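Here the structure comes first, spelled out in structure tokens, and everything after it is commentary.
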Amino acid sequence: MQFAGKRVMVYGAAVSGVSATRLLCRLGADVILFDNNTALTKDDITDRLGESLNFRFITGQLTDDLLQWAQLAVVSPGVSLDCPDMLRIKAADIPIWGEIELAFRNCRGRIAAITGTNGKTTTTILTGKILKSFYPEVYVVGNIGTSFSDIALETTEKSVIVLELSSFQLETIHKFKPDVCTILNITPDHLDRHHTLEEYIAMKERISLNQGKDDLCILNYEDPILREMADRIRQRTRIMFFSAKRELEDGLFLEDEEICKSSEGRLQQLCNINMLHVIGRHNHENIMAAAAIGLALGVPIDLVRKTVLNFKGVPHRIEYVANIQGVDYFNDSKGTNPEASIKAIQAMKAPTVLIAGGYDKHLSFDGWVRAFEGKIKLLILLGQTRNKIAKAARRVGFTNVIFADDLKEAVYISSLYAQPGDAVLLSPACASWDMFDNFEQRGNLFKEYVKELLDKQKGSSETAD
């Protein structure tokens, strides 16, 4: 599509909207950036752009004049397609794209795309490292932070793009097609947006929507939803599985303590899990998915192995913070749903004080509490969901629950109840938006409060000396 002179409305002035505006201006489009927030000014947007570009900025109500003007709407992923403005845009027969679709139509090179309920960021970062060990032009973008649109025009035929995708971003693709993609797992999430699990599953499956016979989709064999999905996906593209529980004829799998790659009767050992810097079965799955992408894109297995063995994980995902008086503190702020938090709980080797609670995404917590399995000695709850979680805990028979008014108090309470040899784990099982800007802010504050405890302990030791 030619964008020069095309009338494009970018709906939403968040990160992806600003990036889409920048790209469209560089392509010569006639751009209006629209946002409902009347407190925003064009100077605010120009400051975030870092340059002066030719676009108009409108806030407030979406008018009929704007609908009549627009030939294309590029919509931020945070905007529900069911909201009144989106319904009006659809009724006006204006095509709706996401920023991912826009960037895809203006990039070159090969694409590795990663989605799933949990593990996306870890897998994306590791995939980027694996590909960078072999290819000179690798971009790691998408839901992970840097917008795809920010690098689209920099790419060349030699580029490899690693793209983390959320269900929100997949909702607005049309022709987007990755060369290799993976769906790591699917458990209920974002039902406040997608309403049903079936709709959420359908959004995840869209990652392979336009793949052909020469492309590849990598799936977790141990996820029953993905095994069923594979029957549909293999009608259009190739399938590869990975498994942490059984040997596969074609794919990556964990046998005893070795991650292996099997293909056409040939078996290769990738690494021993005891040599890894990351813990937990979920991380073994993330490693297999990332390794499968790297191998599929031609990275030699020796380089894949070296990168995997050097990988130390990502911030806010079972991140070790400190040991204070014999208690290990772990930051798992990225555990923003029950299934992600279960993975962190299962990775704990010691009796654990768990800090949880946050924004309500209308998920059930009963199964999450059942996963405590004698590992969790105390549950400290805060945020919008604390009463809901406490009720779920009582239903399941777990009654050792304390409420905290904020995260700092929760960390302080944990220090009172954790004994030497125990662990304290922040793994909220909820989004952060009720009390924090994002999960990163929540995790950074947790680390700050733990550091305050550590400094206080050091000060007490020096006084005693």
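Name the one entry in Ile161, Ile218 that is in contact with a helix residue (DSSP H, G or I) (Cβ under 6 Å, 6 or more places away or on another chain) and of a type in the set (Val, Ile, Thr). Give the derivation first.
Working: Ile161 fails: in contact with a helix residue (DSSP H, G or I) (Cβ under 6 Å, 6 or more places away or on another chain).
None of the others qualify; the one that does is Ile218.
Looking at (1) exposed (fewer than 15 other Cβ atoms within 10 Å of the Cβ); (2) of a type in the set (A, V, I, L, M); (3) in a strand (DSSP E or B), which is the one condition that is false for Met1?
Unmet for Met1, out of (1) exposed (fewer than 15 other Cβ atoms within 10 Å of the Cβ); (2) of a type in the set (A, V, I, L, M); (3) in a strand (DSSP E or B): (3).
What's the total number of residues in the range 184-222 that are within 18 Å of the chain's Cα centre (by Cα), of a type in the set (Asp, Glu) and either under 18 Å from Met240 (Cβ atoms) or in a helix (DSSP H, G or I) (or both)?
Looking only at that region, the number is 2.
Is it the case that some residue within the range 430-453 is out of contact with any Asp or Glu (no Cβ under 9 Å at 6 or more places or on another chain), among the aliphatic types (A, V, I, L, M), touching a residue at least 40 places away in the same chain (Cβ under 8 Å) and within 25 Å of Leu363 (Cα to Cα)?
No, every residue in the range 430-453 fails to be out of contact with any Asp or Glu (no Cβ under 9 Å at 6 or more places or on another chain), among the aliphatic types (A, V, I, L, M), touching a residue at least 40 places away in the same chain (Cβ under 8 Å) and within 25 Å of Leu363 (Cα to Cα).
What is the one condition in (1) in a loop (DSSP other than H, G, I, E, B); (2) at pLDDT 95 or above; (3) in contact with a helix residue (DSSP H, G or I) (Cβ under 7 Å, 6 or more places away or on another chain); (4) not acidic (Asp, Glu) that His316 does not satisfy?
Here His316 meets the rest and fails (2).
Identify, from the list Ile201, Ile183, Ile144, Ile173, the residue that is touching a helix residue (DSSP H, G or I) at 6+ places or on another chain (Cβ under 8 Å), within 24 Å of Leu49 (Cβ to Cβ), of a type outside the set (D, E, K, R) and in contact (Cβ under 8 Å) with a residue 12 or more places away in the chain.
The conditions single out Ile144.
Could you tell me which of the residues Gln419, Gln441 is at pLDDT 95 or above, surrounded by fewer than 17 Cβ atoms within 10 Å (Cβ to Cβ) and under 20 Å from the mean Cα position of the chain (by Cα)?
Values: Gln419 fails: under 20 Å from the mean Cα position of the chain (by Cα).
That would be Gln441, the only listed residue that is at pLDDT 95 or above, surrounded by fewer than 17 Cβ atoms within 10 Å (Cβ to Cβ) and under 20 Å from the mean Cα position of the chain (by Cα).
Yes/no per residue for (1) outside any loop (DSSP other than H, G, I, E, B); (2) modelled with pLDDT of 95 or more; (3) basic (Lys, Arg):
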{"residue": "Met86", "(1), (2), (3)": "yes, yes, no"}
{"residue": "Cys107", "(1), (2), (3)": "no, yes, no"}
{"residue": "Leu131", "(1), (2), (3)": "yes, yes, no"}
{"residue": "Phe134", "(1), (2), (3)": "no, yes, no"}
{"residue": "Tyr139", "(1), (2), (3)": "yes, yes, no"}
{"residue": "Lys158", "(1), (2), (3)": "no, yes, yes"}
{"residue": "Phe176", "(1), (2), (3)": "no, yes, no"}
{"residue": "Thr182", "(1), (2), (3)": "yes, yes, no"}
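The values are calculated or read from the model by the stated rules, or taken from the named source; none is laboratory data. A quick note: this is a predicted structure, and the numbers were derived from the prediction, not measured. Reconstructed Cβ throughout: ideal geometry from the backbone, glycine too, with neighbour counts over all protein chains shown.
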